[in-house]
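The values are calculated or read from the model by the stated rules, or taken from the named source; none is laboratory data. Quick caveat, the model's predicted, so the values are computed rather than measured. Cβ atoms come from the backbone with ideal geometry, glycine included; neighbour counts cover every protein chain shown. Each accessible area value is taken on the protein alone, full model and side chains, heavy atoms only, with ligands, DNA and RNA left out. Shrake-Rupley method; radii C 1.70, N 1.55, O 1.52, S 1.80 Å.
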Amino acid sequence: MKKIAFLPASLLMLGTAIGAAHASPSAGRAVNRDFAKLSADGSRAFDDIALARTALANNDTAGARKLLADANNALTRAKGDDKVFMKAESALTAPRKAPAGAHTPAATATTPAVAWLPVDGEYIVTEDLEPTSPKGTAVATANTSLNKGKPAQAAQNLQVAAVDVDFVLAIAPLDASASDVYRASNLLAGNDVKSADSALQDAQNSIRFVSEDMVGTPTGTTPAAAPKNKKKAAGH
């Protein structure tokens with residue numbers, strides 16, 4: 001589910017460009033630090049949810065059942081994940097810019113603190129850029145690097161051009177999400193496909209996008225392998 005396209009405020013992609021500098025150690029550590037915030041089981045569960053909804057739309061109920069079984073198991077494992085954190089929605093920090101259609105935290109929410117599970121990450125360009133400008137070209141080059149599975153190199157492209165980028169984190173309420181998936185599984189077992197799909201949509205709609213700055217050099221971090229072939233996010 002993780003999306004690592006660099007998205008400008010008004011454009012999905014700024015085209016392709018050639019050439020890229022080698023990533024500096026600080027850029028690589030920053031990218032590794034950002035992706036280290038994500039829960040592998042949480043990401044897997046929400047991938048399963050999206051795929052299950054597609055399966056239901058294609059009348060593949062058997063495939064959807066298998067995906068939901070996997071999602072239930074992943075969310076059960078995620079309850080012991082050290083990436084989980086407790087916070088009230090009103091205390092979450094909204095990003096400066098969010099993906100189109102994304103739900104951001106409601107400052108007026110009155111719900112108590114709950115366990116949140118980081119399930120997705122996305123880099124957002126916070127500036128309005130012309131595609132042919134030096135910074136616009138840097139974004140295009142960075143996206144080319146991302147498509148090759150080289151996020152650290154992409155980060156370096158943006159650092160050299162001084163492009164302002166935020167790492168936006170997608171988090172889901174763990175207990176509510178697990179309840180929605182379990183409910184969908186039971187509804188599907190009773191062949192209520194429409195209600196099962198609605199329950200899965202509830203899980204997806206519960207995701208909130210919060211801001212995490214990608215700039216900075218962490219200490220004491222062991223670099224992890226960069227994810228490859230990530231999906232692009234919805235456009236702006």
Could we say that residue 190 is of a type in the set (Gly, Ala, Ser), within 27 Å of residue 204 (Cβ to Cβ) and modelled with pLDDT under 80 here?
no
Among (1) within 17 Å of the chain's Cα centre (by Cα); (2) at pLDDT 50 or above; (3) of a type in the set (A, V, I, L, M), which single condition is residue 181 missing?
(1)
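Of all residues in region 141-151 being crowded, with 22+ Cβ neighbours inside 10 Å and in contact with a Ser or Thr (Cβ under 9 Å, 6 or more places away or on another chain), which is nearest to residue 121 (Cα to Cα)?
From region 141-151, those crowded, with 22+ Cβ neighbours inside 10 Å are 141-143, 145-146, 151; that's our starting set.
Those left that are additionally in contact with a Ser or Thr (Cβ under 9 Å, 6 or more places away or on another chain): 141, 143, 151.
On the way: 141: 20, 143: 15, 151: 12 Å.
Applying the filter and picking the extreme gives 151.
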Could you check region 184-213 and list, in sequence order, the residues that are of a type in the set (S, T, N, Q), open to solvent by less than 60 Å² (accessible area, probe 1.4 Å) and either more than 16 Å from residue 65 (Cβ to Cβ) or in a strand (DSSP E or B) (or both)?
198, 204, 206, 211
List the pairs whose first member sits in region 87-113 and is open to solvent by less than 60 Å² (accessible area, probe 1.4 Å), whose second member is acidic (Asp, Glu) and in a helix (DSSP H, G or I), and whose Cβ atoms are under 7 Å apart, counting only residues at least 6 apart or on separate chains?
105/89; 106/89; 109/89
Checking the structure you have, find out if any residue of region 167-174 is over 24 Å from residue 37 (Cα atoms) and either at pLDDT 80 or above or assigned to a loop (DSSP other than H, G, I, E, B) (or both).
no
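For the structure I just gave you, tell me whether residue 76 is of a type in the set (Val, Ile, Thr), open to solvent by 60 Å² or more (accessible area, probe 1.4 Å) and not in a loop (DSSP other than H, G, I, E, B).
Taking the combined requirement at face value, the residue satisfies it.
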